[in-house]
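The values are calculated or read from the model by the stated rules, or taken from the named source; none is laboratory data. Every value quoted in this text rests on a predicted model; they were computed, and no experiment measured them. Using ideal geometry, Cβ is built from the backbone for each residue, glycine included, and neighbour counts are taken over all protein chains shown. Just so you know, the surface numbers come from the protein's heavy atoms only, side chains and all, with ligands and any DNA or RNA stripped out. Shrake-Rupley method; radii C 1.70, N 1.55, O 1.52, S 1.80 Å.
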Amino acid sequence: MFLFTKDYFIDRVSLPGGLAIYLGNFFVQFFYYAWLGALVIAFLLVLLQREIVWLTKKFGFNNAYYPLTLLPSIVYWVLLCDENYMLSGLLLLIMVLAMVIICTTIPSRSIRLIFTIVLTPVLYILCSGCFWLFALFMILLEIFYWDQKIDIRWWIMVLGSVLFVICSPIVSKNFYQYPLERLWLGIGFYRFPNISPYGEIIICLLTVAISILPRFLPKTVLLKKYFALIAFQVLVLVIGGGYFIKNTADWDKEEIMGYDHHVRMQEWDKVIAMADKKVPTAPMSVACLNLALSKTGQLADKMFCYYQNGVQGLIPPFESDFTSPLPTSEIYYHLGMINSSQRLVFEAMESIPDYQKSARCYKRLAETNLINGQYKVAAKYLRALQHTLFYSDWATETLTFLNNESRINAHPEWGQLRQLRYKDDFLYSEDQLDVMLEILFKQNKSNRMAYEYLMACTLLSKNLDRFFNYYPLGKDVGYQQIPKSYQEALLFIWSLKHHPLKERAPWPISEQVTERLLEYAPIYMQDKSAEPILKERFGDTYWYYLHFGTKKL
Amino acid sequence: MKIMKQILSLLLIGIAMISCNNQVQSPSKIDKFPPIYPDYVGVTVPATIAPLNFSFPDETFDRVDVVVKGKKGNEIHVNGDAVSFSSSEWKSLLESNKGDSLLITVCLKQNGNWKQYKSFPIYISKYPIDYGLVYRLVAPGYEVYSKMGIYQRELASYKQTALYENTLVTGSCVNCHSFNKTNSDHSSLHLRGSNGATYMNINGKAEFLNTKTDKTIGSFVYPYWHPTGKYVAYSVNKTRQVFHVAKDKRIEVVDLESDIIVYQPETKQVLTPDLLKTASFETFPAFSADGRTLYFCSAEKKEMTKEYKDVKYSLCSISFNPENGTFGDHIDTLVSANKINKSISFPRPSYDGKYIMFTLSDYGNFSIWHKEADLWLLNLADGSIKDLKEVNSDDTESYHNWSSNSHWFVFSSRRDGGLYTRLYIASIDDKGKVSKPFLLPQEDPFRYYDQSVYSYNVPDFVSSPVKWDVKEMEKGITSKERTQVKIKK
């Protein structure tokens, strides 16, 4: 969460590397829109490349090697495929190089010497991390650009810089409670504080290498070789870069993030469209799909048209990390289990490894507290969101709802959720999801989602006894016909003791379902390993799931 | 030169006119107290407290004018867009009015017109207060914790310093800091996580203890120092969190088992009296002021978590002989949970031996999550208990501690919203009269507390700055070398 407040600014820049962290957070807020986030990253990577072009020119650049200046940006792109490398690391590098570029415009050697020594600790305070890159570049530029001799002044520059490079983190240890290693490598550049951002260091060294490489390459290139050289470099960069980006990015995670994003935005059709394009198998993705199916009134009919991985794909169990509780929180929210939704959102936010806060979580916390009538707590989150870019208007509008019971009750979402939530208290039990859903539904029988999740829970856990016992609860839900998966389950139960053709089931089962079971049963009975055949013809049925699907509780 | 003089004169006239325009003129009188945050109307404060700045979060105004007059003389005048008293003027005013009171007159300028509210008093106690407070700052979360730390706050200023932050050792959790009757030369702190230990610091000598033994339920938990510093009582608990589904409650923290032990730092031995490790839930030990009695809470064991609402703790005691570390042969019940049908937690004897303050809630022991939790006072002279109505609110009042002279107490309260715990301080005089509590002052209190994402936990007074060596702590925590405590046979 990025806040446009003085306190937020002071809080960030008061840490070593704080300015880079602050700017990083500033840009990350634009990831609210995926296309805008992509644009921001592209802009920063191009900016990095332009800086490297400037620097290589100082070291004696030959245009024939221009494509090489793209290498650090491409490698950084690969690095950013690990979403735990924070954007502040890229900004740190850009800032340090910018300072180098500014200093290359100083004609006086003495002033450059003073600036190098003085700015080294300043850059540590502003950027930390790879701040030493500044001193390294300045020292190399003295020799390779300014053509200065290695004399006493050069040594003063070297020793002074080295002293500050070594001492800055050590001195800051007296003021900040961080391990020395983190004070060295930077505090906010990798999301997990117990993992050091060595990737950042590698890129810094690559930046130096690319910048000074022209000194060691031929100064002139024959015209006939010029275009071949350019083409060769471009080919290697494109193929190599493409290969590494494709293989470094975690596409499964990207998929999960895509599902989560659409769920968060309540874009149910987009969730289903994603699933229709490529069937999800990860529990979080499946859970998002099931939520979308429920919100579009399709869960009971269509859930087995998609891959199901048991109850964990319906309501995933709580894991204490900063991402997986979020889709589950959404499910609880829409069910009306407001306390549980609130808890998971809070847990997810507190699990953020670098102790940042999340505007998305604040928004949901404001909503859940508002629904529960805890207006002062809701107001706290809303006032904070008023200082964000993308939530400000919503927060200001929502503040006007506080303490206005009739207005909240009339709200299409909050008012409805107030009606759906538990009236009587008991203790949450993850092992008894079906019991909790049953209570939820019985407390408000207009909560169709609760009923369908209850039935889904029993079907996915293959507990047909419970399914059969709970089924009659749905008589007033308002189905025009029994949903497909319930028909399949009911007919299956009936067929265990009766022949479906000889003794008609006491529920209105469609002929198509009956015919399909009559086709399915003999194939399965003859050869229980005929899974591929059954999958092809009956993969969308509950019977296939019952016999071959995972039930994971 | 002449022109310069003219310009200067015009400038001075201009400044004077602006100043005059900002002064209170013909205010309309409002016969109610100003809607200030924090509510400092009628509070009693020590003479050395930091300035009680306040604001008006529910009002929009152009200007505020505050006059603070001491009854014994002197005054401060603030006129601007915020109420911020000068530290030196405030100190001088309070010192000169110790034992008496201040009268605060507030005027607000709104839409060009001034209105003057009813003046209110702030009483300056004759009793001094300790140097500062130590507390944990942690988000009011569930099972997962984020950034947290133990902080020290100087009461005469707004200065807060970090004693230990869990950024120092990644993933560490700290809790249950404790000092010996506000003397920080004797301190105990638990660290949990993969580098878990109990950090004990006695007169500058630090140790990292492994407090798990095969004869006790678990590691040491709730601490309380013996006044001699030769013993520390701890509970040992097996604790579980469960969660409510309906709107009015969030969390329940229950003990599945709990006992009490007494640790002897000199010998590294743990005393495990049989009467304090029964099937019942014994917890929250606290030594009496003279060190000859150990108070604690005890509840009949119930099937957990099924019967969590039936667990009600009584306040009990057992005699203790500090010369040889032995205990009495029977338990006395001072306040019976069955009789009052409530549950007691956090007994805190005053250091002058007069009272025990405790938290009372409907059931259970983790009262911070109980809205109905309130502070009560047991008079040790006559055994009477009273509801501290002067300090209680409609929301949670929970963890509390006494100042070294037993005339002040600090407590946690959730009255400011219901979730984020804040600290309040109140005084008690020789006759047992309790004052209206005041919120721990901040330079810009509304902004500070509104933006803070932390709750204040386990507040305790300290009579001098805590001298923990952070580098030594880091080294000790990460080294994994631990001194093993042993059960005394």
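Scanning segment B:463-483 for residues that are over 18 Å from B:Glu165 (Cβ atoms) and either assigned to a strand (DSSP E or B) or of a type in the set (Gly, Ala, Ser) (or both) yields B:Ser463, B:Ser464, B:Ser479, B:Thr483. Of all residues in segment B:244-266, those that are more than 14 Å from chain A (Cβ to nearest Cβ) and over 30 Å from B:Asn203 (Cα atoms) have Cβ atoms under 6 Å from Cβ atoms of residues that are open to solvent by 30 Å² or more (accessible area, probe 1.4 Å) and among the polar types (S, T, N, Q), 6 or more apart or on another chain, in B:Asp255/B:Thr239. Can you name the residue in segment A:178-204 that is part of a helix (DSSP H, G or I) and open to solvent by less than 50 Å² (accessible area, probe 1.4 Å) and, of all such residues, is nearest to the other protein chains (Cβ to nearest Cβ)? The residue in question is A:Arg182. You will find that of A:Glu413, A:Glu430, the residue that is closer than 19 Å to A:Tyr453 by Cβ, surrounded by fewer than 18 Cβ atoms within 10 Å (Cβ to Cβ) and more than 14 Å from chain B (Cβ to nearest Cβ) is A:Glu413 and no other.
Once segment A:63-78 is narrowed to residues that are aromatic (Phe, Trp, Tyr) and over 24 Å from the mean Cα position of the chain (by Cα), the residue that is modelled with the highest pLDDT is A:Tyr66.
Does A:Ile21 count as in a helix (DSSP H, G or I) and either crowded, with 18+ Cβ neighbours inside 10 Å or not hydrophobic (A, V, I, L, M, F, W, C) (or both)? So A:Ile21 passes the test.
For segment A:351-366, the set of residues classified as open to solvent by 10 Å² or more (accessible area, probe 1.4 Å) and either in contact with a Pro (Cβ under 7 Å, 6 or more places away or on another chain) or under 21 Å from B:Lys247 (Cα atoms) (or both) consists of A:Pro353, A:Asp354, A:Tyr362, A:Lys363, A:Arg364, listed by residue number. If a residue must be more than 27 Å from the chain's Cα centre (by Cα) and buried (at least 18 other Cβ atoms within 10 Å of the Cβ), how many such residues does segment B:85-115 contain? Within segment B:85-115, residues that are more than 27 Å from the chain's Cα centre (by Cα) and buried (at least 18 other Cβ atoms within 10 Å of the Cβ) number 6. Is it the case, given these coordinates, that A:Met265 is touching a Ser or Thr at 6+ places or on another chain (Cβ under 7 Å), under 19 Å from A:Pro325 (Cβ atoms) and open to solvent by less than 80 Å² (accessible area, probe 1.4 Å)? Judged against the criteria, A:Met265 is not a match. All of (1) more than 27 Å from B:Ser187 (Cβ to Cβ); (2) among the aliphatic types (A, V, I, L, M); (3) assigned to a strand (DSSP E or B) hold for B:Leu93 with one exception: (3).
Looking at segment B:208-257, which of the residues that are of a type in the set (Gly, Ala, Ser) and open to solvent by less than 20 Å² (accessible area, probe 1.4 Å) is farthest from A:Phe346 (Cα to Cα)? Across segment B:208-257, the extreme among qualifying residues is B:Gly229. For the residues A:Lys380, A:Lys442, the requirement of being assigned to a helix (DSSP H, G or I) and either among the β-branched types (Val, Ile, Thr) or closer than 27 Å to A:Phe30 by Cα (or both) singles out A:Lys380. What about B:Ile129, is it open to solvent by 10 Å² or more (accessible area, probe 1.4 Å), away from chain A (no Cβ under 14 Å), among the hydrophobic types (A, V, I, L, M, F, W, C) and within 26 Å of the chain's Cα centre (by Cα)? Yes, satisfied. Can you tell me which residue within segment A:527-553, out of those that are of a type in the set (S, T, N, Q) and modelled with pLDDT under 90, is surrounded by the most Cβ atoms within 10 Å (Cβ to Cβ)? Selected residue: A:Thr550.
One line per residue, one yes/no per condition, for (1) within 20 Å of B:Ser84 (Cβ to Cβ); (2) buried (at least 21 other Cβ atoms within 10 Å of the Cβ); (3) within 33 Å of the chain's Cα centre (by Cα); (4) at pLDDT 95 or above:
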{"site": "B:Gly14", "(1), (2), (3), (4)": "no, no, no, no"}
{"site": "B:Gln25", "(1), (2), (3), (4)": "no, no, no, no"}
{"site": "B:Lys32", "(1), (2), (3), (4)": "no, no, yes, yes"}
{"site": "B:Val43", "(1), (2), (3), (4)": "yes, yes, yes, yes"}
{"site": "B:Asn53", "(1), (2), (3), (4)": "yes, yes, yes, yes"}
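Of all the criteria given as (1) touching a residue at least 60 places away in the same chain (Cβ under 8 Å); (2) crowded, with 18+ Cβ neighbours inside 10 Å; (3) under 19 Å from B:Ile36 (Cα atoms), the one not satisfied by B:Arg415 is (1).
Yes or no, residue by residue, for (1) within 30 Å of B:Val453 (Cβ to Cβ); (2) touching a helix residue (DSSP H, G or I) at 6+ places or on another chain (Cβ under 8 Å); (3) open to solvent by less than 50 Å² (accessible area, probe 1.4 Å):
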residue: B:Thr326; (1), (2), (3): no, no, no
residue: B:Gly383; (1), (2), (3): no, no, yes
residue: B:Glu397; (1), (2), (3): yes, no, yes
residue: B:Ala426; (1), (2), (3): yes, no, yes
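Does A:Val171 satisfy the criteria of being in a helix (DSSP H, G or I) and under 26 Å from B:Ser172 (Cβ atoms)? When the stated conditions are applied, A:Val171 passes them.
In segment A:205-222, the condition of being more than 14 Å from chain B (Cβ to nearest Cβ), closer than 30 Å to B:Glu474 by Cβ and modelled with pLDDT of 90 or more is met by at least one residue.
Looking at segment B:430-450, is at least one residue touching a Phe, Trp or Tyr at 6+ places or on another chain (Cβ under 6 Å) and of a type in the set (Gly, Ala, Ser)? Taking every residue of segment B:430-450 in turn, none turns out to be touching a Phe, Trp or Tyr at 6+ places or on another chain (Cβ under 6 Å) and of a type in the set (Gly, Ala, Ser). The set of residues in segment A:311-338 that are in a helix (DSSP H, G or I), within 20 Å of B:Ser146 (Cβ to Cβ) and not small (Gly, Ala, Ser) comprises A:Pro325, A:Leu326, A:Thr328. For first residues located in segment A:138-158 and in contact (Cβ under 8 Å) with a residue 24 or more places away in the chain, partners that are open to solvent by 20 Å² or more (accessible area, probe 1.4 Å) and part of a loop (DSSP other than H, G, I, E, B) and lie 6+ apart or on another chain with Cβ distances below 6 Å form the pairs A:Glu142/A:Gln148. Here are some residues: B:Tyr164, B:Tyr142, B:Tyr135. Which one is within 25 Å of the chain's Cα centre (by Cα), within 14 Å of another protein chain (Cβ to nearest Cβ), open to solvent by less than 10 Å² (accessible area, probe 1.4 Å) and aromatic (Phe, Trp, Tyr)? It is B:Tyr164. Would you confirm whether any residue within segment B:297-305 is in contact (Cβ under 8 Å) with a residue 40 or more places away in the chain, more than 21 Å from B:Phe179 (Cα to Cα), within 14 Å of chain A (Cβ to nearest Cβ) and more than 25 Å from the chain's Cα centre (by Cα)? Yes.
Among residues of segment A:383-395 that are under 10 Å from A:Lys363 (Cβ atoms) and without any contact (Cβ under 8 Å) to a residue 60 or more places away in the chain, those with a Cβ under 8 angstrom from a residue that is open to solvent by 60 Å² or more (accessible area, probe 1.4 Å) and outside any helix (DSSP H, G or I), sequence gap 6+ or separate chain, pair up as A:Ala395/A:Gln386. Screening A:Tyr479 against (1) open to solvent by 20 Å² or more (accessible area, probe 1.4 Å); (2) part of a loop (DSSP other than H, G, I, E, B); (3) more than 29 Å from A:Val279 (Cα to Cα); (4) of a type outside the set (S, T, N, Q) leaves a single unmet condition, (3).
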